[in-house]
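Shown next, in structure tokens, is the structure this report addresses.
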Amino acid sequence: MSEDDAVTVRLNPSVSDLCAEEWDALDPTGNPFVSHRFLSLLEASGSVGPGTGWSPAPLTIAGPDGTLLAAMPAYLKGHSQGEYVFDHGWADAWQRAGGRYYPKLQIAAPFTPATGPRVLARDPALARALIHAAETLCRNKGLSSAHATFVSENQIPLFEEAGWLIRSDIQFHWSNPGFANFDDFLATLSSRKRKAIRKERERAVEGLTIRHLTGSSLKPEHWEVFWLFYQDTGARKWGRPYLTREAFDLIGATMADDVILMLAYDGDRPIAGALNFLGADALYGRYWGALVDRPFLHFELCYYQAIDVAIARGLSRVEAGAQGSHKLARGYAPVQTRSAHFIPHDGFREAVAEFLAAERRGIGAEQAALMALAPFRKDG
């Protein structure tokens, strides 16, 4: 490489300080959760940054003129919350052995168990260089480990080639082979399940109106009421919500065309809602909440309405978030999601590798068992 071709690898203090156009140009998939606007709104709203345990540390490669050539959304983490790939047992073992597990390097979209690219680069050589930079950062800073979570399947080979340990888990996704309407989807299910889903949908919306809001139809009052829903769910699941109130205002201001907010109204009063993000070929269900307990309303807003949107927009899949085997009965199939882990310490790495090998066998068996219980017709 000549001096004129030299590139610069840099650890940056934030995503928001980087050029938005150059950052987004590195991801041809248009994944909303690694977009500059999503990652920077998390910073601007205080959802990540001081006091949160998520310190922005994006890694970049720039050309001689300073133009971004590759980027990696990364954070120095002081805990293991908000990741959805659980390593608490690893942290306990490392710390019992006298090590310091935190901070660690987390390569991820914060609070977002949705698959996507974790290395933003059009040149595979630069992608490999950025993974090597993450390894170098761990060694130079004495970090216990680096973790790239919910990595898109086409990027897993990059991490495998670098020798990172690969971990599998199960989520439930809905796939669209080209359905014309919801009844087309129902036709792929057993008769008993078709009837059950129709009854669930009827009961869920009795006396209610469901509205889909996106773009300019989203108003400040919609975010105000959804904040109440989100707080209720967050308090029950995580102890405190991950996103701040301001984050939702910024989503409305900067990403209104990338989201669909589904609200259930009892008369003029919104009683429940689900927030979805739009990708180029997928709908991502993210947050849900309700002020009243209505049978099946959660399934309607989070799963069935999402299917309706995916069919209407010609999207190939719905990713409905982490965990939740109840999604299986609603036509969401078990799929494996993957993460990649770099552990510099040889002994610790060997122990984790043995654990992951056994875990992968269990995950494979679990996926097969779940597929056997799926509601799809057995006659093909």
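The values are calculated or read from the model by the stated rules, or taken from the named source; none is laboratory data. Given the structure is predicted, the values throughout are model-derived calculations rather than measurements. Here Cβ is always computed from backbone atoms with ideal geometry, including for glycine, and neighbour counts include all displayed protein chains. Accessible surface is based on the protein model in full, side chains and every heavy atom, while ligands, DNA and RNA are left aside. Shrake-Rupley method; radii C 1.70, N 1.55, O 1.52, S 1.80 Å.
A few notes on this one:
- Once the Cα atoms are used to define both axes, helix 245-254 deviates from the longest principal axis of the chain by about 90 degrees.
- Candidate lysines - alpha carbon under 19 Å from LYS141, same-chain residues fewer than 8 apart omitted: LYS77, LYS104
- Projected label distance in nm at ALA280 and THR8, using a 7 Å step from Cα toward the beta-carbon: 2.9
- Near HIS212: Cβ cut-off under 12 Å, other residues only, Lys/Arg at +1 and Asp/Glu at -1. The net charge is +1.
- Cross-link check: pairs LYS327/LYS378; LYS195/LYS378; LYS199/LYS219 evaluated at a Cα-Cα cut-off of 26 Å; pairs beyond the cut-off: LYS199/LYS219.
- When the trypsin sites (Lys or Arg not before Pro) in the stretch 323-380 are filtered for DSSP coil states and for at most 14 other beta-carbon atoms within 10 Å of their beta-carbon, the remaining sites are ARG377, LYS378.
- Estimated dipole of the chain in Debye, rounded to 20 [Cβ of Lys and Arg +1, of Asp and Glu -1, Cα centre]: 1540
- Net charge dipole size for the stretch 1-89 [Lys, Arg +1 and Asp, Glu -1 on Cβ; Debye, nearest 20]: 460
- The antiparallel fraction among DSSP beta bridges confined to the chain stands at about 90%.
- Span from the the stretch 166-192 Cα centroid across to the the stretch 1-78 one, whole angstrom: 35
- The peptide list 190-203, 126-139, put in order of mean Cβ contacts within 10 Å with the highest first, becomes 126-139, 190-203.
- Mean Cα-pair separation over length for the stretch 1-60, i.e. relative contact order, pairs under 8 Å, 6 or more apart, %: 48
- Counted charge near PHE172, where neighbours are those whose Cβ lies closer than 9 Å (Asp, Glu -1; Lys, Arg +1): +1
- Probe 1.4 Å, accessible area per residue of the chain, Å²: 43
- Cα gyration tensor shape of the stretch 1-60, rounded if a/c is under 1.5, else prolate or oblate by comparing a/b with b/c: oblate
- Put simply, the stretch 263-380 fits an ellipsoid with semi-axes of 34, 19, 15 Å; these come from the alpha carbon gyration tensor as the roots of five times its eigenvalues, largest first.
- Distance between the modelled labels on ARG96 and ALA312, one decimal in nanometres: 5.2 nm (7 Å Cα→Cβ projection).
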